[in-house]
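The values are calculated or read from the model by the stated rules, or taken from the named source; none is laboratory data. Fair warning: this is a prediction, and the values are worked out from it, not measured in the lab. Here the Cβ positions follow ideal geometry from the backbone for every residue, glycine too, while neighbour counts run over all protein chains shown. The accessibility values were calculated without ligands, DNA or RNA, using every heavy atom of the protein model including side chains. Shrake-Rupley method; radii C 1.70, N 1.55, O 1.52, S 1.80 Å.
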Amino acid sequence: MNIYHNIDEFKPVKNAVVTIGTFDGVHLGHRKIISRIKEIAEETGGETVILTFFPHPRMIIHPEDQNLKMINTMAEKAMLLEQLGVDHLIITPFSRDFSNQTAEEYIRDILIGKIGTKKIVIGYDHRFGKDRQGGLSELQALSSTYGYEVIEIPEQDIHDVAISSTRIRAALLEGDIDLANEFLGYPFFITGKVNRGDQIGRTIGYPTANILVEEPYKLIPKEGIFAVKVHLQDGEHKGMGYIGHRPTINGMTRNIEVNIFDFNRDIYGEPIGMDLVHYVREDMKLNSLKELTDQLAKDKIAVQKLLDDRA
């Protein structure tokens, strides 16, 4: 997949089949749309193009709202779209100037001038241009003028996308990892770099890799213990993940860390991915490190059984 971080980097391709959206989660609802554009591209000898925006438009239009959290970082989203066989991903920097284009300017200058769109696959509720005045009707009205075809995504599919995204976010925040993963079609994952911690886990027999997530907009699930699979440069490993403030030692910051089973290698600074397979229990304050160690021993048995059962 070719990735462009500015639309000016993109050169029009033959028979571009285009869809536009946030595609946060790249979940089962999104995959219906991606399957459709791939089918059309195959039928017409074209290439698939996804146009997305970063930062998310709400971050620019409503900068005071810090509540927006995304299921995927942009890098994670790109990885998932590549796995699905998308040909081109255009990540357009979103700005107030960009949002002030009229609907026709957007169609003429972006969809036609920059991308060379021949077919656009779009939902009835998609809005674009200044004050969100553009939509499906404007695209249809100008299609003959600019020589492209509009294919509408069925309303039920759009409904499924919206419902799925909302339910995934809610499920993650509630600790319902099974439901989130069902809607996603894959295990929710967190990526980052291994950061050096205070190594308390090592002193009680449960050394952990601390995961530094640099993107503040990444949604982090409910705090607690998780059964996880860990992806490192040398492959996949099983482990016990933790998200929380470490209340037993009066921790002040939220940590994301993982005890990797049967593992003893220095991985500081390396990239790491952690798939959340199942939520085991909530975070809790214990009376001593001894109690914490005993509880972690029980957690590890539960995690190992879960991972073995789902192998």
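Would you work out if the stretch 124-208 is rounded, prolate or oblate? Take a ≥ b ≥ c from the square roots of the eigenvalues of the alpha-carbon gyration tensor; rounded if a/c is under 1.5, else prolate when a/b is larger than b/c, oblate otherwise. It comes out prolate by the Cα gyration axes.
Using a cut-off of 10 Å between beta-carbons, work out the net charge of the residues near Ala180 (Lys and Arg +1, Asp and Glu -1, Ala180 not included).
Details: positive: Arg167, Arg169; negative: Glu174, Asp176, Asp178, Glu182.
The answer is -2.
On the chain, 50 percent of the accessible area sits on carbon and sulfur atoms, based on a 1.4 Å probe.
Over the chain, what is the mean sequence separation of C-alpha contacts under 8 Å (at least six apart), divided by residue count, expressed as relative contact order in percent?
Working: 570 pairs, mean separation 50.3, N = 311.
So the answer I get is 16 percent.
Near Arg254, within a Cβ-to-Cβ distance under 11 Å, what is the net charge of the other residues, with Lys and Arg +1 and Asp and Glu -1? Surrounding charge for Arg254 is -2.
Just to confirm a number: summing +1 for Lys and Arg and -1 for Asp and Glu over residues other than Asp275 whose beta-carbon lies under 9 angstrom from that of Asp275, what do you get?
0
Rolling a 1.4 Å probe over the heavy atoms of the protein chains gives the chain an accessible area of 49 Å² per residue. Compute log10 of I(q)/I(0) for the stretch 90-235 with the Debye formula, placing one identical point scatterer on every Cα and leaving out solvent, at q = 0.08, 0.14, 0.17 Å⁻¹, to two decimals. Per q value, in the given order, log10 I(q)/I(0) is -0.41, -0.90, -1.06. Of the listed pairs Lys14/Lys38; Lys222/Lys285; Lys222/Lys305; Lys32/Lys193; Lys11/Lys193, which have alpha-carbon separations greater than 25 Å here? Long pairs (Cα-Cα over 25 Å): Lys32/Lys193; Lys11/Lys193. Over the chain, what portion of Cα pair distances is larger than 36 Å, expressed as a whole percent? Percentage above 36 Å: 28.
Relative to the Cα centre, what is the charge dipole magnitude of the stretch 141-256, using +1 at the beta carbon of each Lys and Arg, -1 at the beta carbon of each Asp and Glu, and rounding to the nearest 20 debye?
Numbers: 11 positive and 15 negative charges, 185 e Å.
Approximately 900 debye in magnitude.
In a fully extended conformation the segment linking Asp309 and Asp131 would gain 58.9 nm over its present Cα-Cα distance, using 0.36 nm per residue.
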